[in-house]
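Structure first, then comments.
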Amino acid sequence: MKSKFITKKFIEIAKDLSAEKQINEALHELITIFNSDFHDLKKIRNIKTDQALIPLFDELNKKWNTVRSLIYKHYKQHIIKPNGFTEILKTSYPLAYTYWLNSK
């Protein structure tokens with residue numbers, strides 16, 4: 001999915017930043033989208049090795065930071081962690097995360 005579309009979905013859900021439930025729902029949706037993008041791109045690109053995952057992780061990390069920047073521009077405050085994608089990767093795919101870190 002495109003960064004602008006992802007940002008728009010986040011903003012639609014988190015209309016009121018004082019409503020913690022809305023922010024949590026928007027963050028959950030954001031993580032779900034990135035997880036879905038990961039699996040879709042992995043399948044489309046026929047990725048089968050850890051080494052082939054590195055460019056995909058780099059791409060998704062860049063997309064995360066773009067979305068984060070767009071959300072900041074909308075709300076004028078930091079809501080999304082700058083290293084949020086790496087935290088998701090570290091939690092969901094610890095071995096791939098370690099391989100990705102070692103490749104840098």
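Each value in this text was obtained by applying a stated rule to the coordinates, not by laboratory testing. Just so we're clear, the structure is a prediction, and the values are computed from it rather than from any experiment. When we count neighbours, we look across all protein chains shown, and the Cβ atoms used for this are built from the backbone with ideal geometry, even at glycine.
The ranking of 68, 45 by Cβ neighbour count inside 10 Å, starting from the fewest, reads 45, 68. Taken along the Cα-to-beta-carbon direction at a fixed 7 Å, the label points for residue 39 and residue 51 span 2.8 nm. Which parts of the stretch 59-79 would a label at residue 8 reach, counting a residue when its backbone N lies under 20 Å from a point 7 Å out along Cα-to-Cβ? Hits in the stretch 59-79 for residue 8 at 20 Å: 63-76. Dividing the mean sequence gap of close Cα pairs (under 8 Å, 6+ apart) by how many residues the stretch 3-102 holds gives a relative contact order of 25 percent. For an R0 of 30 angstrom, estimate the FRET efficiency from the Cβ-Cβ distance between residue 19 and residue 90 and round to the nearest 0.05. After rounding, the FRET efficiency stands at 0.60.
For the chain, the spread of Cα positions along the three principal axes, ordered from largest to smallest, is 42, 25, 21 Å.
Only Lys, Arg, Asp and Glu carry charge here, each on its Cβ (+1 for the first two, -1 for the last two); on that basis the chain has a dipole of about 320 debye about its Cα centre.
So what is the 222 nm mean residue ellipticity for the chain from helices alone, if each DSSP H run of at least 4 adds -39500 (n - 2.57) and you divide by all residues, rounding to the nearest 500 deg cm²/dmol?
Details: 5 runs with 80 residues, N = 104.
Helix-only estimate at 222 nm: -25500 deg cm²/dmol.
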